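Q: Could you have a look at this structure, given as structure tokens, before my questions?
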Amino acid sequence: MNDNNQFALETHHGHQYALNHIRKAINFYSELPLVKRDIIMKWKKIIQSLTPEFTPYNYLHTMTIGLPTGIFSYQFDITNILHFLQTEEISHIALETKLMQTHVDQEVWSTDTDSTPYPIVLLETPLLPRGFLLSGHNSIMDAKSKGNKEVEVYVLTEMEYLSLMHDNISKAMYMFHRDLQNLLSTPIPPPFHTLFISKYNMFINKKEVII
């Protein structure tokens, strides 16, 4: 199977997996007020409208998070991240190497065959108690071995990196999971305009769905 067919197959499975997350949310939270369940159903309609897509990429990095509806991996092409850092002239900040080492997934780092010293990119997300280290694992461990007390870190907010996700499914599912988090965090339904579903078409590259 060539790379294009393999990615198309994985994307199709990703689409089905995304719909499974929606179905679990519908089943898990069937007792939610109607207005909250309506938001979930609107997301189901949006996800269903997304067709499996092949988007050329160089090297995919993933942000994998355990959620109430299961584990999901949001995909990034690291080339897009690097381009964004350069064109937008994003400034780095200095953080303690010891602190950043706690973000390194030792299993991933020890089995990663790509030794490229990518910039250290930390993604801020309310879906986790702290940021997610997208790239720079090798750079952090190299700094540790050299005894460097600080490393240069690029910290991106979700509004910055959402548009940089590799595919529409990743973007849509991140917004769905964030909206689900907000729906569950308060007994009072949040105002519609504060939810990602009110602006999803700003990030998803497709014709707007009537919801």
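The values are calculated or read from the model by the stated rules, or taken from the named source; none is laboratory data. Everything numeric in this text was worked out from a predicted model, so none of it was measured. Here the Cβ is made from the backbone with ideal geometry for all residues, glycine too, and neighbour counts use every protein chain on show.
Q: Yes or no: segment 112-130 includes at least one residue that is exposed (fewer than 15 other Cβ atoms within 10 Å of the Cβ), in the same structural domain as Pro33 (by TED's automatic domain parsing) and in contact (Cβ under 8 Å) with a residue 60 or more places away in the chain.
A: No, that holds for no residue.
Q: Looking only at segment 144-161, count every residue that is in a helix (DSSP H, G or I) and either among the aromatic types (Phe, Trp, Tyr) or surrounded by 21 or more Cβ atoms within 10 Å (Cβ to Cβ) (or both) and tell me the total.
A: So the first thing to find is which residues in segment 144-161 are in a helix (DSSP H, G or I), and the list is 144-146, 158-161.
Retained after the next criterion (residues that are either among the aromatic types (Phe, Trp, Tyr) or surrounded by 21 or more Cβ atoms within 10 Å (Cβ to Cβ) (or both)): 161.
Matching residues across segment 144-161 total 1.
Q: Give me the pairs: first residue in segment 171-185 and assigned to a helix (DSSP H, G or I), second residue at pLDDT below 95 and of a type in the set (S, T, N, Q), beta-carbon distance under 8 Å, and six or more apart or on different chains, which are they?
A: Close Cβ pairs satisfying both conditions: Lys171/Ser163; His177/Thr69; Leu180/Thr69.
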